[in-house]
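The structure appears below as structure tokens.
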Amino acid sequence: MAEKATDGSLQSEDWTLNMEICDIINETEEGPKDAIRALKKRLNGNKNYREVMLALTVLETCVKNCGHRFHVLVTHRDFIDGVLVKIISPKNNPPTIVQDKVLALIQAWADAFRSSPDLTGVVHIYEELKRKGIEFPMADLDALSPIHTPQRVSLPHRGLAQQGDVSSNSVSSMLSTLPNTNPRDDFDMFAQTRSSSLADQRKDVTYEDPQALGGLATALDVRQQNTGGIPVAQASDMDDLEEWLGTDVKGEELEEGVTSEEFDKFLEERAKAVERLPDLPSPPSTEPSLTVNPANRKKQERADDTLFAL
């Protein structure tokens, strides 16, 4: 399968085959060793630099999508120094595009695996090349994809590289076509949208003068009506209700009858008034009834009314 993915007759990378190779490496016991063996065969002493570039692309793809077992074999000194560095040696005199691709891979892996003790072989080779005066290409940090990727990666589209030419950064070019989005920008955009919507809502709210409406309670009621809120009963309605209840209670208190002491006093005064009345002449025997004084009759009626009220 590695031979098909690195065939010189391919016009561009076959990403389906590349990802199938990654799956085999991850899912089989001998997958990492078989892949390294096949890639060594394509890279060692091969003068067909189209196949070399395709093999380097497969190698880069496997490093980004495979696990620790494959990383140990790739970053070992035997593979870095015995295969990759040999490709760019003056003896082979490869094209500049091939040299830049190899140096870019060594530099990227040295930075990615620097903190892993069992993957530092590539780090040592990188430092040695720098001490010898080898100039590494400028790394485009925006275009580089991370080395450690999820276990399952969706298959990229085919034919992203130009036909007839496999560029040194074809994988990076594919990744650079993705829009660069900043989560912070998305958050700011959401915050601005939310604040603008609140500002628009506040523009629609009209606030009346509380003094012109005769009090804070009335002003709040009008504000609730303008904003579509639930109307609140005005305080004046409650005041009227309490005043009405208070008036009714006071009326009942006023209509209460006199106490026993007041009634005794009334009877005592009435008895004294009767004693002060002059003696009336005895009526003739022929009269069927006595003539009653109108004043006494009114007093009697008034006393009866008082008793009835009690």
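The values are calculated or read from the model by the stated rules, or taken from the named source; none is laboratory data. None of these values were measured; they are calculated from a predicted model. We place every Cβ from the backbone using ideal geometry, glycine too, and count neighbours over all the protein chains shown.
Filter segment 101-122 down to residues that are part of a helix (DSSP H, G or I), in contact (Cβ under 8 Å) with a residue 40 or more places away in the chain and surrounded by 12 or more Cβ atoms within 10 Å (Cβ to Cβ), then give me how many there are.
Counting residues in segment 101-122 that are part of a helix (DSSP H, G or I), in contact (Cβ under 8 Å) with a residue 40 or more places away in the chain and surrounded by 12 or more Cβ atoms within 10 Å (Cβ to Cβ) gives 8.
Need pairs with beta-carbon distance below 9 Å; first residue in a helix (DSSP H, G or I) and within segment 75-87, second of a type in the set (Phe, Trp, Tyr); sequence gap 6+ or separate chains.
As it stands, the answer is Ile80/Trp109; Ile80/Tyr126, since those pairs meet every condition given.
In segment 5-49, which residues are farther than 20 Å from Val83 by Cα and either without any contact (Cβ under 8 Å) to a residue 12 or more places away in the chain or outside the structural domain of Asn92 (by TED's automatic domain parsing) (or both)?
Within segment 5-49, Ser9, Asp23, Glu27, Thr28, Glu29, Glu30 qualify.
Among the numbered criteria (1) over 28 Å from Lys130 (Cβ atoms); (2) in contact (Cβ under 8 Å) with a residue 40 or more places away in the chain, which one does His71 miss?
It is condition (1) that His71 fails.
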